[in-house]
Amino acid sequence: MELAAVLRGKDIAVSIVEAATRPLGRAVPARFAEALCTRHVDEGVRFFLGQGVAAINHDAVVLADDTEVPADMVVSAIGVMPEIELAKAAGITTGNGILTDAFLRTSVSNIFAAGDCAAVLQPGGRHIRFESWRNARSQAEIAAQNMVGAENAFATSPWFWSDQYDLGLQVTGSPEAGHQTVVRPLADGEMEFYLDSGRLVAAAGLGIGNGIAKDIKLAEILIGTGVSPNPLELADPSVNLKTLLRNARVA
Ligand SMILES: Cc1cc2nc3c(=O)[nH]c(=O)nc-3n(C[C@H](O)[C@H](O)[C@H](O)COP(=O)(O)OP(=O)(O)OC[C@H]3O[C@@H](n4cnc5c(N)ncnc54)[C@H](O)[C@@H]3O)c2cc1C
């Protein structure tokens with residue numbers, strides 16, 4: 001989607017083929033995925049959704065329903081698979097990555113995993129691989145501390161951003177379908193907060209340029225304090241997030 005935005009800026013025709021029924025479905029909340037998709041359509045990007053690729057010819061991509069999408073250049077952006085053969089050969093438990101506990105320790109107690117290859121145990125029992133440089137760095141630090149005797153759990157809130165056209169998206173925490181959502185309108189965009197049994201666990205925002213960065217940073221600190229903010233205050237742009245943070249700290 002980022003590449004599509006850059007190419008449209010150079011007036012190059014772009015078609016996006018996506019196997020799922022909507023783009024950005026894995027990590028971007030539906031509200032913002034839809035807004036970004038609409039922007040791409042407005043910019044002239046053609047979407048082919050819910051379609052697998054049957055073949056790539058020299059001048060077209062052929063979809064599963066035989067539709068031919070003309071293409072001079074094809075970019076495949078379908079994610080990565082972790083390289084876990086070495087861990088497997090060492091008898092370490094693997095799944096979608098090298099499975100670790102919350103302390104980044106693998107099933108072999110003196111071997112740790114960090115970064116993209118590490119599938120880290122989450123509250124609730126799932127293992128998740130966090131694929132971003134900030135996680136790779138903080139997991140490396142925590143694994144190193146635990147190797148020399150600390151007992152630090154990896155509890156850093158995941159965070160990522162994406163810039164498309166003049167829009168900036170940021171997501172902190174892991175929004176999930178079961179969360180209560182609260183929308184906060186902003187002058188140049190929108191934020192959405194995610195509450196789990198009242199507790200703030202994630203936030204996302206889409207705005208012009210870097211406009212939502214400060215609010216996402218404050219939301220991240222709020223998430224770290226473990227607060228259960230009043231949803232009406234979260235939704236109200238006249239209530240400064242700094243005030244909510246101050247109230248949380250006093251409480
Ligand atoms: C195209 C692309 C764009 C990205 N954009 C962003 C972004 O905008 N923001 C962001 O936060 N993240 C981004 N990422 C993700 C980010 O690059 C990764 O999260 C980060 O590099 C993970 O660091 P790592 O050290 O875990 O793994 P890597 O950087 O993959 O390093 C692993 C290293 O281990 C080596 N290796 C593997 N097996 C063995 C072995 N058996 N023995 C010795 N060496 C081995 C590999 O060769 C590799 O050099 C992007 C990734 C890609 C591919």
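A compact table of results
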| item | result |
| --- | --- |
| Of all residues in region 145-167 being in contact (Cβ under 8 Å) with a residue 60 or more places away in the chain and within 21 Å of Glu220 (Cα to Cα), the one that is nearest to the ligand (Cβ to nearest atom) | Phe160 |
| Test: residue in region 98-118 that is loosely packed, with under 15 Cβ neighbours inside 10 Å, out of contact with any Cys (no Cβ under 9 Å at 6 or more places or on another chain) and closer than 24 Å to Met1 by Cα | no |
| Boolean, Ile56 is assigned by TED's automatic domain parsing to the domain that holds Glu141, in contact with a strand residue (DSSP E or B) (Cβ under 8 Å, 6 or more places away or on another chain) and farther than 27 Å from Glu176 by Cβ | no |
| Set Ala87, Ala54: member being within 16 Å of the ligand (Cβ to nearest atom), among the small types (Gly, Ala, Ser) and modelled with pLDDT of 95 or more | Ala87 |
| Single residue of Val239, Val250 found to be of a type in the set (Val, Ile, Thr) and at pLDDT 90 or above | Val239 |
| Residue count, region 121-144 (criterion: of a type outside the set (Asp, Glu), within 12 Å of the ligand (Cβ to nearest atom) and under 20 Å from Val171 (Cβ atoms)) | 10 |
| Residue that is farthest from Leu218 (Cα to Cα) [pool: residues in region 228-251 that are charged (D, E, K, R) and in a helix (DSSP H, G or I)] | Glu233 |
| Some residue of region 91-111 being among the aromatic types (Phe, Trp, Tyr) and within 16 Å of the ligand (Cβ to nearest atom) | no |
| In region 168-187, the residues that are hydrophobic (A, V, I, L, M, F, W, C) and either within 13 Å of the ligand (Cβ to nearest atom) or within 17 Å of the chain's Cα centre (by Cα) (or both) | Leu169, Val171, Ala177 |
| All positions within region 41-59 that are within 22 Å of Ile12 (Cα to Cα), of a type outside the set (A, V, I, L, M) and outside any strand (DSSP E or B) | Asp42, Glu43, Gly44, Asn57, His58, Asp59 |
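The values are calculated or read from the model by the stated rules, or taken from the named source; none is laboratory data. Being a predicted model, the structure only gives us computed values, none of them experimental. Quick reminder, even Gly has a Cβ in these numbers, built from the backbone with ideal geometry, and neighbours come from all protein chains shown.
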